[in-house]
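These notes concern the structure reproduced below.
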Amino acid sequence: MAYVSVKGGERAISNAHQWLDEMRRGDASVPELTVEQIRHQMSLAVDRVMMEGSCYDPELAALAIKQARGDVTEAIFLVRAYRTTLQRFGATEPIKTPEMAVQRRVSAAFKDIPGGQILGPTFDYTHRLLNFDLCDAGPAGVAVKATEPVVEKMPTIASVFAHESLLEQTAAESDDAPEPYDLTREPMAFPAGRDQRLQALARGDEGFLLSLAYASQRGWGSTHPLCGEIRMGDVTVEFTPEELGFPIEIGEIVVTECQMISNFEGSADKPPQFTFGYGLTFGHNERKAMSMAIVDRALRHKEVGENGVHAVQDEEFVLYHSDNVEASGFVQHLKLPHYVDFQAQLQFVRRLCKEWREAREAATPDAGEFAEAAE
Amino acid sequence: MESHQEDVATTEGLRLARQRAHALIAKSPADAVRSVFDLMENLPEVERLRPSEVGLVLVRGRVGGEGERFNLGELPVARAALRIPEGPVGVGYVAGRNRDHAELAALADAMVQADVWRDRLEEGVLAPLAAGLAERKADTGRKAAATKVDFFTMVRTRGEK
Amino acid sequence: MIGSLALEGVSPGFANPVADSQRVFRRVLDAMSRPGRLIDLDSGIAAASPHLTAASALALTLLDFETPVFVALDADGEAFANWLRFHCGCPITAEPKAAAYALVLADLLPALDQFYAGDPKYPDRATTLIVVCAALEGGAAVRLEGPGIAETRRIAPAGLPEDFWNQVRADRSAFQLGVDIILTAGDQIIALPRSTRIVPEN
């Protein structure tokens, strides 16, 4: 009998996949989306899939979005699966975000930040009214160009205030510092270093981090952040191939960086100052970078001697539940056949019921007759 | 980056020249690189030392841009290694999955190391790519500059009256 | 910073990296699950030195930039280290304890306790030794037992240091810690995972 059901399952699965494929295509009289169209016209979805899929490849991310019918979490899963098929050549030199060619750079904390407030291509200040003109293909918008480009290297907010000790200064890493933790090669270990936390948050689900950040801001966390700086633009990626022995530039990628500032009331060893939370993502994704920065700061509560009583401050809670491929897999596996589990539980509950009835009958001799009458 | 007149007679000078060629090819779109190479005549025959292939590099960041390192995510990279008849071996690594792009990077890396090719590579490939790159950079920089906020302070306006 | 490699004389690796490395990996798996059995890798590569064929194929299959390698190969050593760095991108270490893999001629094999035997939390991080022997038959015979061997199996690789089997016995005494060993000659291998014990001949 089991044999019959397996064969039936195979045909049903294959037919389900074919229907899925037809559904993905939708109405055949409507022109099919190309991967190029998704890549260029749904670029923020592409950016999110690249970051959470942990693979900076706009074309692959666009393909994944097309294949997943626009289900971003499913697309992330596809990209994660693909990246496991490629061998790794090594790790890059750390990207230099202070040298970013910025398309956008704003500070909500410091109006007169050197280099200026550069709005870039932002949804901020749009009225969030549906633009029905987009229902028809019309002429594309054209960006205005100033005579002179922006300055090449925008100073970071930390460097602007470096002469005062009011802002936490990031200590440069020593040359013999150990290789950063890599969660794709090493099991999660606690207590986690900031390197481990930041890698997990960077790959983490945007919605999960957004909710944690929001909760933290509303009081379920002890951060009262200000946005020190957000910047988005191109950074150069440098890599040292083993066979060359010197670093070479291998391309440019777009990243979004966020520095959140929270005040710290000081401790026995440290004077009061502002501390930073840090967020960095592939592509243009401020919501994610800001959420990441707030959560990063909340997870640093021990360093600054804060009580860690909230979920956002609990690194095991945050890191174990931030990955949407894992989360989605564990939740969604529940819809796969659990016939044997359920059979076992049925027998267990039946036995409990029988014991419960017997115990009741023993305690009140009349109860059994009512029960039988009811059946 | 501006000067290509480094003294390639020194190890350091040759390394700088090679780094410049790598950077220009890797940062230019693959089709732009292909089209400048297609205009070159009698390019050297190449012998591949390793099948050109695609893999990943792990991109790293630093906390606050300057502090502790951490792993951000991965980036597909194509790589190639080849030899030209003049002797030098060229190695190419470029972001993306385009093997042809990586082979052209490797070819350029080999040509920079060959006296007979260096100047022709500069003229035919590197200079046009550098110009294209500078133009795209300036273009983005000018669009960004147009979105710069010009604050005018009410206080000063009132004070001037 | 390390210097550039001298790449002019580097010989090629696998012709079809994906299919070839998968085939070799499958054979290594067979060898590891049937310790002591002579396995032909059929690697299809033209190594610069024919006696390093299997060792080269294993390197292309198992090594990458995350696996530091200790190399002791006599006259071929430097060229082979260059070849390794080019094809596998693996760092070369002079410190046996720091090596994820060791690629050594049987004549030059350091004492086994010089290598890393793993730690109780991560025994998998022990060094794997790839030992290039003169031949895998015709030497002094030893008898093996352990998982993957029905009763006992007799092998007789040639050219190993005199004290080698005593060292293996000593290494096995700390199981689950210990080094895994792959003996090679030409394009053939015999695996001696740490679960394999040496039993007295007779």
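The values are calculated or read from the model by the stated rules, or taken from the named source; none is laboratory data. Only a predicted model underlies this, so the values are computations on that prediction, with no experimental measurement involved. So basically every Cβ, Gly included, is an ideal-geometry build from the backbone, and we count neighbours across all protein chains shown.
Quick notes
- Some residue of region A:310-325 being within 24 Å of A:Glu93 (Cβ to Cβ) and either aliphatic (A, V, I, L, M) or assigned to a helix (DSSP H, G or I) (or both): no
- Considering region C:144-202, the qualifying strands (runs of 3 or more DSSP E), each wholly inside and each with 3 or more residues that are out of contact with any Ser or Thr (no Cβ under 7 Å at 6 or more places or on another chain) and surrounded by 15 or more Cβ atoms within 10 Å (Cβ to Cβ), run over C:180-185, C:188-192.
- Qualifying residue in region B:8-22 (condition: part of a loop (DSSP other than H, G, I, E, B), closer than 30 Å to A:Ala81 by Cβ and without any contact (Cβ under 8 Å) to a residue 24 or more places away in the chain): no
- Restricting region A:158-168 to residues that are more than 9 Å from every other protein chain (Cβ to nearest Cβ) and not charged (D, E, K, R), the residue that is nearest to A:Ile113 (Cα to Cα): A:Val160
- Single condition B:Gly87 does not satisfy, out of (1) within 12 Å of chain A (Cβ to nearest Cβ); (2) part of a loop (DSSP other than H, G, I, E, B): (1)
- Selection from region C:28-46 of residues that are of a type in the set (Gly, Ala, Ser) and modelled with pLDDT of 95 or more: C:Ala31, C:Ser33, C:Gly36
Yes/no per residue for (1) more than 22 Å from B:Asn98 (Cβ to Cβ); (2) modelled with pLDDT under 95; (3) within 18 Å of the chain's Cα centre (by Cα); (4) surrounded by 16 or more Cβ atoms within 10 Å (Cβ to Cβ):
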site: A:Met23; (1), (2), (3), (4): yes, no, no, no
site: A:Glu32; (1), (2), (3), (4): yes, no, no, no
site: A:Asp47; (1), (2), (3), (4): no, no, yes, yes
site: A:Tyr56; (1), (2), (3), (4): no, no, yes, yes
site: A:Thr85; (1), (2), (3), (4): no, yes, no, no
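- Among the conditions (1) facing chain B (nearest Cβ under 10 Å); (2) surrounded by fewer than 22 Cβ atoms within 10 Å (Cβ to Cβ); (3) out of contact with any Ser or Thr (no Cβ under 9 Å at 6 or more places or on another chain); (4) assigned to a loop (DSSP other than H, G, I, E, B), A:Pro155 misses just one, which is (1).
Condition check ((1) within 9 Å of another protein chain (Cβ to nearest Cβ); (2) in contact with a helix residue (DSSP H, G or I) (Cβ under 8 Å, 6 or more places away or on another chain); (3) more than 29 Å from A:Gly116 (Cα to Cα)) across all residues:
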{"site": "A:Val144", "(1), (2), (3)": "yes, yes, no"}
{"site": "A:Ala172", "(1), (2), (3)": "yes, no, no"}
{"site": "A:Asp176", "(1), (2), (3)": "no, no, yes"}
{"site": "A:Asp182", "(1), (2), (3)": "yes, yes, yes"}
{"site": "A:Gly219", "(1), (2), (3)": "no, no, yes"}
{"site": "A:Leu226", "(1), (2), (3)": "no, no, no"}
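- Among the candidates B:Ala108, B:Ala131, B:Ala138, B:Ala127, the residue that is facing chain A (nearest Cβ under 7 Å), out of contact with any Phe, Trp or Tyr (no Cβ under 7 Å at 6 or more places or on another chain) and not in a strand (DSSP E or B) is uniquely B:Ala138.
- When residues of region B:7-39 are limited to those that are touching a Leu at 6+ places or on another chain (Cβ under 8 Å) and more than 14 Å from chain A (Cβ to nearest Cβ), the one surrounded by the fewest Cβ atoms within 10 Å (Cβ to Cβ): B:Arg34
- So A:Arg231, is it basic (Lys, Arg) and away from every other protein chain (no Cβ under 11 Å): no
- Residue check, A:Gly138 over 29 Å from the mean Cα position of the chain (by Cα), part of a loop (DSSP other than H, G, I, E, B), closer than 28 Å to B:Asp139 by Cβ and not assigned by TED's automatic domain parsing to the domain that holds A:Ile248: yes
- Region A:259-280, residues that are in a loop (DSSP other than H, G, I, E, B) and of a type in the set (Gly, Ala, Ser): A:Gly266, A:Ser267, A:Ala268
- Tally of residues being part of a loop (DSSP other than H, G, I, E, B), at the interface with chain B (Cβ under 7 Å from one of its Cβ atoms) and over 30 Å from A:Ser159 (Cβ atoms) across region A:71-118: 2
- If the condition is being within 10 Å of chain B (Cβ to nearest Cβ), in a strand (DSSP E or B) and of a type in the set (Val, Ile, Thr), then region A:238-258 contributes A:Ile248, A:Ile250, A:Ile253, A:Val255.
- Residues of region A:198-235 satisfying the condition of being surrounded by fewer than 24 Cβ atoms within 10 Å (Cβ to Cβ), in a helix (DSSP H, G or I) and more than 10 Å from the chain's Cα centre (by Cα): A:Ser211, A:Tyr214, A:Ala215, A:Gln217, A:Arg218
- Qualifying residue in region A:167-189 (condition: farther than 23 Å from A:Glu315 by Cα and not in a loop (DSSP other than H, G, I, E, B)): yes
- Contacts under 6 angstrom Cβ, first residue in region B:103-120 being under 18 Å from A:Leu244 (Cβ atoms), partner charged (D, E, K, R) and surrounded by fewer than 20 Cβ atoms within 10 Å (Cβ to Cβ), 6 or more apart: B:Val112/B:Arg118; B:Ala114/B:Glu86
- Only listed residue being out of contact with any Phe, Trp or Tyr (no Cβ under 6 Å at 6 or more places or on another chain), in a helix (DSSP H, G or I) and of a type in the set (Lys, Arg), chosen from B:Arg60, B:Arg97, B:Arg34, B:Arg50: B:Arg34
- Boolean, C:Val104 is free of Cβ contacts under 8 Å to residues at least 40 places away in the same chain, under 15 Å from the mean Cα position of the chain (by Cα) and over 18 Å from B:Leu49 (Cβ atoms): yes
- Of the residues C:Ser49, C:Ser4, the single one that is surrounded by fewer than 19 Cβ atoms within 10 Å (Cβ to Cβ), modelled with pLDDT under 90, in contact with a Leu (Cβ under 8 Å, 6 or more places away or on another chain) and not basic (Lys, Arg) is C:Ser4.
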